[in-house]
Amino acid sequence: KGASFGLYTAESPSTCGGYPASANHEMEDAKTFAGWGVDYMKVDGCGPAGYYKGGYRAMGEALEASGRDIVYSCSWPAYINNGNESLQPFGEFVNDGCNLWRNYKDIQCNWASLGDIIDHWGDYGEALVPAAGPGHWHDMDMLLIGAHCISTAEEQTQMAIWAISASPLIMGNDLRNVSATSRAILLNKDAIAVSQDPLGQMGRRISNTSADPHQLWARNLADGQVAVALYNKQGTQPVFPPFVPTSNCQGWNHQQGGYYEACGGPAGNLDSFTGLTLEQATAECCANPRCAGFSFSEGAGYYKENANCGIHKSAGYDGYTRPNAIPSAIPSAPADITVEFADLNLFGEVEVFDIWDQKIVGTMEGSYTARAVPFHGSAFLRLKGTKL
């Protein structure tokens, strides 16, 4: 009840399952589909790639002429250019009438497949974002939520990153057998609102690489707010003082344009300093077993009691941290993940709304840290502040 009518064919003589398909019969088939009341057509490949260029255009024209508003899902991109999104002719897909297109591998009902798709979208964000917009979207493939093959935290991550990436939300489950927990994720009105935001601007991964254990994904919304996912791809084990040695410390980790920040807010700073050379600041930190490292800018900075809140970007500052104070990645631990508001062009007081809990967390300045984000899970937030 209330579901749309979706159907499948292919731009080849037969489908991938061996059934008759639509190559050279586009006009006839489109009229038939419209007569049946089809709302959504998934059009696969499954045949000679040389036919796709004209075939997908022919199907788009046929659906347009059918007299029925049918959503046109194209699989052409998934079969060309070996997944290199920077080579895809997205403008041609749009001109051919594709409302969405499958870019990458078919999703399988496991985390390895889901995680790989997330990495692919993150790695190609620069190429993907300009081609997405109202009426034409990149399709990351079906939602596994409610299919009983990934954890609840992983289901939340898929919903959050699909919504931020403006990917269509298409369930791949048995509606008769969806748990209450999965149902709550699928029906979360605030998550759906991010997905369906009228600005139609695709979000992307802000973190540098798919190897980053804790990632920031963000999407600008029509009302000026920013939707954010803080994704714990890999947990960390926090490290606390005392630290050794306390003399002749060697091999400091050097961060340029930022430093490892201490968790605990201002209490994480042991002390400030001014008028010191780098050598003097290093020696003072080394001598203090509670000093994990320090920020440094023109002789001034702060000594840090720990390095557990990750790298804080700050132009004009460098960071120096004891190697044994840097948290090590472990494959199944929760993690505290921080979003710096300036990275999203947000300044002043910022209201933080938790999409999973569906409530305002509070008003913060500078940054917000989501605590104990589960392994493979994501904090999903909406940030309201002042943009410059």
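The values are calculated or read from the model by the stated rules, or taken from the named source; none is laboratory data. All of these numbers come straight from a predicted model, not from anything done at the bench. In this analysis, Cβ positions are derived from the backbone assuming ideal geometry, glycine residues included, and neighbour counts consider all displayed protein chains. Surface areas here come from the heavy atoms of the whole protein model, side chains and all, with no ligands, DNA or RNA. Shrake-Rupley method; radii C 1.70, N 1.55, O 1.52, S 1.80 Å.
Mind listing the long-range amide H neighbours of ILE107? Cut-off is under 5 Å, sequence gap 5 or more, other chains count too, H placed in the peptide plane at 1.01 Å from N.
Those lying under 5 Å, H to H, from ILE107 are MET142.
Tell me what the chain gives for mean residue ellipticity at 222 nm when only DSSP H runs of n ≥ 4 count, each as -39,500 (n - 2.57), the sum divided by the residue total, rounded to 500 deg cm²/dmol. Don't jump to the answer; show the numbers that get you there.
Numbers: 9 runs with 84 residues, N = 388.
Computed mean residue ellipticity for the chain: -6000 deg cm²/dmol.
Tell me, what is the FRET efficiency for ASP69 and GLN201 to the nearest 0.05, using R0 = 35 angstrom and their Cβ-Cβ distance as r?
On the way: r = 24 Å, r/R0 = 0.68.
That gives a FRET efficiency of 0.90.
What is the local net charge at CYS263, summed over the other residues whose Cβ is closer than 11 Å to its Cβ (Lys, Arg +1; Asp, Glu -1)? Intermediate results must be reported in sequence, preceding the final value.
Working: positive: LYS304, ARG371; negative: GLU261, GLU305, ASP336.
Here the charged neighbours net out to -1.
Roughly speaking, what is the centre-to-centre gap between segment 318-388 and segment 47-116 when only Cα atoms are used, to the nearest Å?
35
For segment 138-144, in order, what is each residue's ³J(HN,Hα) by Karplus, 6.51 cos²θ - 1.76 cosθ + 1.60 with θ = phi - 60°, in whole Hz (x at glycine and Pro)?
Computed from phi, the couplings for segment 138-144 are 7, 9, 7, 4, 5, 6, 8 Hz.
Indicate the gyration tensor shape class of segment 278-360 (rounded, prolate or oblate), computed on the Cα atoms with a ≥ b ≥ c the square roots of the eigenvalues: a/c under 1.5 is rounded; otherwise a/b larger than b/c is prolate and the rest oblate. Can you show the working numbers first?
Working: a/c = 3.02, a/b = 1.55, b/c = 1.95.
Taking the square roots of the gyration eigenvalues as a ≥ b ≥ c, segment 278-360 is oblate.
In debye, nearest 20: dipole of segment 1-53 around its Cα centre with unit charges on the Cβ of K, R (+) and D, E (-)?
Here segment 1-53 has a charge dipole of around 140 debye.
What number, in percent, do you get for the relative contact order of the chain if the mean sequence gap of Cα pairs under 8 Å and at least 6 apart is divided by its residue count? It would help to have the intermediate numbers written out before the result.
Details: 852 pairs, mean separation 45.9, N = 388.
It comes to 12 percent, rounded to a whole number.
Taking the solvent-accessible surface of protein heavy atoms with a 1.4 Å probe, what is the per residue accessible area of segment 1-130 in Å²?
Details: 6290 Å² over 130 residues.
I get 48 Å² per residue for segment 1-130.
Quick one: putting +1 on the C-beta of Lys and Arg, -1 on the C-beta of Asp and Glu, what dipole do you get for the chain around its Cα centre, in Debye to the nearest 20? Please report the intermediate quantities before stating the final value.
Details: 24 positive and 41 negative charges, 113 e Å.
Dipole magnitude for the chain comes out near 540 debye.
Could you tell me which of rounded, prolate or oblate describes segment 279-324, using a ≥ b ≥ c as the square roots of the eigenvalues of the alpha-carbon gyration tensor, with rounded for a/c under 1.5 and, failing that, prolate when a/b is larger than b/c and oblate otherwise? Don't jump to the answer; show the numbers that get you there.
On the way: a/c = 2.25, a/b = 1.13, b/c = 1.98.
Here segment 279-324 falls in the oblate category.
Across segment 58-70, in residue order, what do the Karplus-derived ³J(HN,Hα) couplings come to in whole Hz, using 6.51 cos²θ - 1.76 cosθ + 1.60 with θ = phi - 60° and x for Gly and Pro?
With coefficients 6.51, -1.76 and 1.60, one gets 4, 5, x, 5, 5, 5, 4, 8, 6, x, 10, 7, 10 Hz.
First select every other residue whose beta carbon is under 12 angstrom from the beta carbon of ALA342; then total the charges, Lys and Arg +1, Asp and Glu -1. Can you show the working numbers first?
Details: positive: LYS313, LYS387; negative: GLU340, ASP343, GLU365.
Charge balance in the 12 Å sphere: -1.
Under 5 Å between amide H atoms, partner at least 5 residues away or on a different chain: which partners does ALA132 have, H built in plane at 1.01 Å?
none
Give me the distance in nm between label points sitting 7 Å out from Cα along the Cα-to-Cβ direction at ALA49 and SER332, one decimal.
So the two model labels end up 4.0 nm from each other.
On full extension of the chain, what length is gained from THR246 through ALA267, given 0.36 nm per residue of separation minus the C-alpha to C-alpha distance? All intermediate terms of the calculation are to be shown ahead of the outcome.
Details: separation 21, 0.36 × 21 = 7.56 nm, distance 2.20 nm.
Additional length available on full extension: 5.4 nm.
Which percent, to the nearest 5, of DSSP beta bridges fully inside the chain are antiparallel? Intermediate results must be reported in sequence, preceding the final value.
Working: 55 of 70 bridges.
The antiparallel fraction comes to roughly 80 percent.
Given Cβ point charges of +1 (Lys, Arg) and -1 (Asp, Glu) and nothing else, what value in debye, to the nearest 20, does the dipole of segment 2-111 about its Cα centre take? Before the final figure, lay out the partial values.
On the way: 7 positive and 13 negative charges, 38 e Å.
My answer is approximately 180 debye.
What number, in percent, do you get for the relative contact order of segment 271-388 if the mean sequence gap of Cα pairs under 8 Å and at least 6 apart is divided by its residue count?
Details: 194 pairs, mean separation 24.0, N = 118.
Computed over segment 271-388, the figure is 20 percent.
Which order, highest average first, do 103-116, 224-237, 37-50 follow once you tally other Cβ atoms within 10 Å for each residue and take the mean per peptide?
Working: 103-116: 16.1, 224-237: 22.5, 37-50: 17.7.
Taking the mean over residues of other Cβ atoms within 10 Å, the ranking is 224-237, 37-50, 103-116.
Please give the FRET efficiency for VAL361 paired with SER297, using the beta carbon to beta carbon distance and R0 = 35 Å, rounded to the nearest 0.05. It would help to have the intermediate numbers written out before the result.
Details: r = 31 Å, r/R0 = 0.89.
Efficiency at R0 = 35 Å is approximately 0.65.
Across the chain, what fraction of all alpha-carbon pairs, as a whole percent, falls in each successive 20 Å bin from zero upward?
25, 48, 21, 6, 0
How long is the gain from ASN253 to SER4 if the chain were fully straight, where each residue apart is worth 0.36 nm and the alpha carbon distance is subtracted?
Details: separation 249, 0.36 × 249 = 89.64 nm, distance 5.55 nm.
My answer for the length gained is 84.1 nm.
So who's got an amide H within less than 5 Å of the one on ALA333, skipping anything under 5 residues away but keeping other chains? H placed 1.01 Å off N, in plane.
Under 5 Å from the amide H of ALA333: GLY235, THR236.
Give the cross-link partners of LYS387 among the lysines, using a straight C-alpha distance below 23 Å as the criterion and excluding same-chain residues fewer than 8 apart.
By straight Cα distance, LYS387 reaches LYS313, LYS359.
Residue by residue through segment 332-339, what is 3J(HN,Hα) from phi via Karplus (6.51 cos²θ - 1.76 cosθ + 1.60, θ = phi - 60°)? Round to whole Hz and write x for glycine and proline.
Ordered by residue, 3J(HN,Hα) equals 9, 9, x, 8, 7, 10, 10, 10 Hz.
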